[in-house]
Structure formats: structure tokens, C-alpha cells
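No value in this document is a laboratory result; all are computed from the given coordinates. None of the values given here were measured: they were computed from a predicted structure. As a convention, Cβ positions derive from the backbone with ideal geometry for all residues, glycine included, and neighbour counts pool all protein chains shown.
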Amino acid sequence: MKLISWNTNGLRATIKNNDFEWLKEYNPDFLALQETKVKDSDIPKEIYNLGFKQIDTNAAIKAGYSGVMSLSKFENTCFKSNFNNDEEGRVLEHNFDDIVLFNIYFPNGQKNNERLRYKLDFYDKFLDYANNLVKNSKKVIFCGDVNTAHREIDLKNPKANSQTSGFLDIERKWIDKVLECGYIDTFRQINGDEIKYSWWSYRFNARKNNAGWRIDYFFISQNLRDRLKDAFILNDVFGSDHCPVGIEIEI
């Protein structure tokens, strides 16, 4: 099964610019979209022609903000966040067989200290929730824009950004904790220390110069390790300040 995640930074613009053409080549079974910025009543009709059987959404109360959407070629039971007040439209949880698959747009902490605290609280609540699922014999996959680069090899300019939310020690330590709990950073598991990014600022020709960050992830619980077959970042896909990331896994 091929699973792909992409922060579109505005679904309507992505559709308008015909930026889903790459799906024909990669043909995912599950597509997790973040930062869709669209109410259910305003979803572009073209979304329903992409070849998926099930489409689930979680829109923010605030217009033009946040939002997640999952497109699946298999049946599953979908919930919005069971661990956090989700007025910002950040979580979709998919249950099928003994698998729990999350599509999450994790908060950004750059605005101020209050938003940084919100981000860290969100991190902790989610990890506690996921750990309880694993304790109850579930297999967990979570993907999306985590909004933190883990190691120095995960961004072009680590020293210059050491005091910037997205690469603060306290944020990076949460990813350490995720790994300590047994979850696997699938890209690192398959590709070792390969340097590849998934987000670039729109400023300073960052993408042209490949001055990026790896902040989009797929993590899997330890009980799925032997099923992981591939993990990849699709740098050749444009249409957002992020590019898609994905895995192939036996489920």
C-alpha cells in the first residue's frame, strides 16, 4: 500500500493550477492533505474526480485557515481529533483492521510564545493518545506537517535557525521522545542520513537554492517495522511550498 502526505498550502489554488497531475504517476492508495484552507461547502469539485473512494475532511472554524483532508481507495472509519479540541481542523484519524492512521497538521509555534506552548501541548497530547493505542495492540501510522526539523541534517541552515520555532531544542526533543517510544522515522529508516527537504520558504529563491527543511514525516509504530518497504520525498512535485512525502508498506 502506498501512502502519501502533502501540505498543499491552499487546496483551491492547487486545483486551479492543475497541480495534482503527479497522482497519475505515483497512484497512492491514501493521500493525506494538510493546510487545505477550505470549508466543506467550498471544496473544488475536481477533488471528487481524482479516483478515490472515500474523502474525509476536517475544516477549521476560522475561514481560510488550517484544515485537513484524507482521500482513500479503501474503506475505513474516520474520526476528527479524539485527543484535542479541534476547532483548528488539524486531525483526521482513520481506523481499519488493527491499524490507526493519522493525518495531522501539527501547529506552528513561530507567531508567539502562546502558540509555541499550544504546539508543545498538542505534541504531548497526541503522543499520549498514540501510545495508548499501541498499548492496546493497535498499529499506528501518523503523517503530516510536523512543523519541526529533527536534526541538523534536516535543514539547510541549522545554526542560523537554532532560536527559531521549528528547530528549537524543546521541539526537537519531542521528536527524540517519539523515537524513544518506539516510533520509526520512516525516511531515515530507509534512506539513512540522505539530505532531502520537504519545505522551502517562498522568499530568497529558497527552493531554487534548495535551502529547505524536512518537516513533513511518516512515523510508524515499532510493530510495523518489518512491513515498511520504502520511504520517499517527491522533490519533483510543485504546487506548494511543501512537496509530498510518502511510504510503501504492507498492510
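Expressed as a fraction of 2.2 N^0.38 Å, the rule-of-thumb size for a compact globular protein of N residues, what is the C-alpha radius of gyration of segment 1-86?
Working: Rg = 12.6 Å, N = 86, 2.2 N^0.38 = 12.0 Å.
Relative to the rule-of-thumb radius for its length, segment 1-86 sits at 1.06.
Taking one equal scatterer on every alpha-carbon of segment 114-246, how large is log10 of I(q)/I(0) by Debye at q = 0.14 1/Å?
Normalising to I(0) and taking log10 leaves -0.65.
Any chance you could get the radius of gyration and Dmax over the Cα atoms of the chain, in Å?
According to the Cα coordinates of the chain, Rg and Dmax are 16.8, 47 Å.
What is the antiparallel percent of DSSP beta bridges lying wholly in the chain, to the nearest 5?
Working: 39 of 51 bridges.
Roughly 75 percent of the beta bridges in the chain run antiparallel, per DSSP.
Going by average Cβ neighbours within 10 Å, how do the peptides 210-219, 59-68 rank, with the highest at the top?
Details: 210-219: 22.7, 59-68: 18.0.
Ranked by mean Cβ neighbours within 10 Å, highest first: 210-219, 59-68.
How large is ³J(HN,Hα), in whole Hz, for each residue of segment 3-13 in order, when computed from phi with the Karplus curve 6.51 cos²θ - 1.76 cosθ + 1.60 and θ = phi - 60°, using x for Gly and Pro?
10, 10, 10, 8, 7, 7, 6, x, 5, 5, 5
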